[in-house]
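Heads up, the thing below is written out as structure tokens.
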Amino acid sequence: MSSAPEIEPAQIDGLVGLPGKADLDLLSDFLGLFEMETQQSFERMRAATPETVVAVIGSEAHSLAGSSANLGLARLASTCRMLSDAVKTGDCNACFRADAIALLGKEYHAGLSALKNHYGISE
């Protein structure tokens, strides 16, 4: 697990508003798209065959790292980079699929909840 902060509000504020103040309507729109795309990513990881699972997780983790970093979900982005790097270096084992998906799911839900709570956005 990453030691990165859960969220980086300065990143979010810079993305959707003036420094120190996010446009909550725009942030909600971005989060809706992010949630939809992330759920599709999880579906692709779960549907991967034993022959393709490592490559699929690596690809999805790489994509998710960028989008989560853009939204200030620092810990999720860090975890995704860690998994993507593990795939690139071949540092994977037989438990990789279940462990990776569970870890990404945990970080995704924790980060999204922290971000929504920080900005007062209802679940």
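The values are calculated or read from the model by the stated rules, or taken from the named source; none is laboratory data. Since we're looking at a predicted model, the values are computed, not measured. Cβ: placed from backbone, ideal geometry, glycine included. Neighbour counts: every protein chain shown.
Tell me yes or no: at least one residue of region 63-72 is under 16 Å from the mean Cα position of the chain (by Cα), modelled with pLDDT of 85 or more, not in a helix (DSSP H, G or I) and not β-branched (Val, Ile, Thr).
yes
Within region 12-33, identify whether any single residue is polar (S, T, N, Q) and assigned to a helix (DSSP H, G or I), and answer yes or no.
There is at least one residue in region 12-33 that is polar (S, T, N, Q) and assigned to a helix (DSSP H, G or I).
May I ask you to verify whether Ser41 is surrounded by 14 or more Cβ atoms within 10 Å (Cβ to Cβ), at pLDDT 90 or above, in contact with a helix residue (DSSP H, G or I) (Cβ under 6 Å, 6 or more places away or on another chain) and among the small types (Gly, Ala, Ser)?
The answer is yes for Ser41.
Scanning for something loosely packed, with under 12 Cβ neighbours inside 10 Å and either without any contact (Cβ under 8 Å) to a residue 60 or more places away in the chain or in contact with a strand residue (DSSP E or B) (Cβ under 6 Å, 6 or more places away or on another chain) (or both), does region 4-11 turn up at least one residue?
No, that holds for no residue.
Would you check which residues across region 73-116 are part of a helix (DSSP H, G or I) and over 17 Å from the mean Cα position of the chain (by Cα) and list them?
Lys88, Thr89, Phe96
Name the single residue, out of those in region 45-98 being in contact with a Cys (Cβ under 8 Å, 6 or more places away or on another chain), under 22 Å from Gly14 (Cα atoms) and hydrophobic (A, V, I, L, M, F, W, C), that is surrounded by the most Cβ atoms within 10 Å (Cβ to Cβ).
Once the filter is applied, the top-ranked residue is Leu64.
Does any residue in region 112-123 that is over 16 Å from Met36 (Cβ atoms) come within less than 8 Å, Cβ to Cβ, of a residue that is in a helix (DSSP H, G or I) and charged (D, E, K, R) six or more places away or on a different chain, and which pairs are these?
Here the result reads Ser122/Lys116, each pair linking region 112-123 to a residue that is in a helix (DSSP H, G or I) and charged (D, E, K, R).
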